[in-house]
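Presented below is the structure to which this report refers.
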Amino acid sequence: MSYRTLDPEKIAATAQSLKARIGDRFPNSGLAGVASELVAMSRDLAMSAEKLARPIWWLRILTWSVIALGAGMFVFVGSILSFDRISTGAFDFVQGVEATLNTLILGGVGFIALNSVEQRLKRQEIFKELHGLRSLIHVIDMHQLTKDPAALSGTFTPTPHSPQRIEDPAELARYLDYCSEMLSVTGKLAALFAQAIQDEVVTSAVNDIEDLGSNLSRKIWQKITLIESARPN
């Protein structure tokens, strides 16, 4: 077993275990439904990351075929085609050198562009997956948004439009802790793509997802700290 890489199956198993724990304690809550969605997404993203880690062979074969064809045409024009009838004065020679350099430069640019097609296609797919993951993170945040420790105070007076509250401090702390754990799992799912694709743009996008989850989790732990500090010793 390697401890230097993330195991998608372990992440999916962690999400499944978290779903079961939430179902045991809050069986009919919206959070249990979000946990189910997290399990499904963990499996989908694991499969997507594994697929993206593999080369797109048809695209590579097509790219190298085009490159080989261009190189072959250049060699044909430069060495096989006869230039016996073409004037080779100084002016013509300079023009020929300039044309050759321009061809080499354009060929190099074309090579780089063709060679990066696969990378760009994979980026688009990863960004689409990360967009869905970002949306799920905000859904998790919405579920903890109204879980205010201030509602546990004896002086708290709800209004007619106040949301349903969890009145037990231990239960509220567990609810918030589950939200924090779910955010942590989303960060690991995002990291699968940075692990599969060595690309600075992808790594930056993954870091943004992880930062978002970490910042929201930090707010949740501030609530948990308030709950713990309010408990009698």
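What the table shows:
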read-out	value
Rounded to whole Hz, the Karplus (6.51, -1.76, 1.60) HN-Hα couplings of the range 137-152, x for glycine and proline	4, 5, 5, 4, 5, 4, 6, 9, 4, 8, 8, 9, x, 4, 5, 7
Hz values of 3J(HN,Hα) by residue in the range 195-211 - Karplus curve (6.51, -1.76, 1.60), Gly and Pro given as x	6, 7, 10, 8, 8, 5, 5, 5, 4, 5, 5, 5, 4, 4, 5, 5, 5
Cα-based convex hull, the range 111-167, per residue volume (Å³, whole number)	96 Å³
12 Å beta-carbon shell around residue 27, net charge (K/R +1, D/E -1)	+2
Backbone N within the range 159-199 under 12 Å of label point (7 Å from residue 120 Cα along the Cβ vector)	none
Residue-count net charge about residue 162 - beta-carbon cut-off 13 Å; Lys, Arg +1, Asp, Glu -1	0
Using alpha carbons only: equivalent-ellipsoid semi-axes of the range 165-233, gyration tensor based, whole Å	33, 10, 7
Ordering of 133-146, 156-169, 17-30 by packing [mean C-beta count within 10 Å, highest first]	133-146, 17-30, 156-169
Cross-link reach list, aspartates and glutamates versus residue 219, counting only Cα pairs under 12 Å and skipping chain neighbours closer than eight places	141, 148, 177
The range 131-208 - percent of accessible surface contributed by carbon and sulfur, probe 1.4 Å	54 percent
Entries in 51/128; 51/188; 19/51; 19/223; 122/188 that, when Cα-Cα distance is taken, lie over 24 Å	19/51
Modelled FRET efficiency - R0 25 Å, residue 53 with residue 17, Cβ distances, 0.05 increments	0.50
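The values are calculated or read from the model by the stated rules, or taken from the named source; none is laboratory data. Just so it is clear, the structure is predicted and the values come from calculations on it, not from any experiment. We place every Cβ from the backbone using ideal geometry, glycine too, and count neighbours over all the protein chains shown. Areas reflect the complete protein model, heavy atoms only, side chains present, ligands, DNA and RNA absent. Shrake-Rupley method; radii C 1.70, N 1.55, O 1.52, S 1.80 Å.
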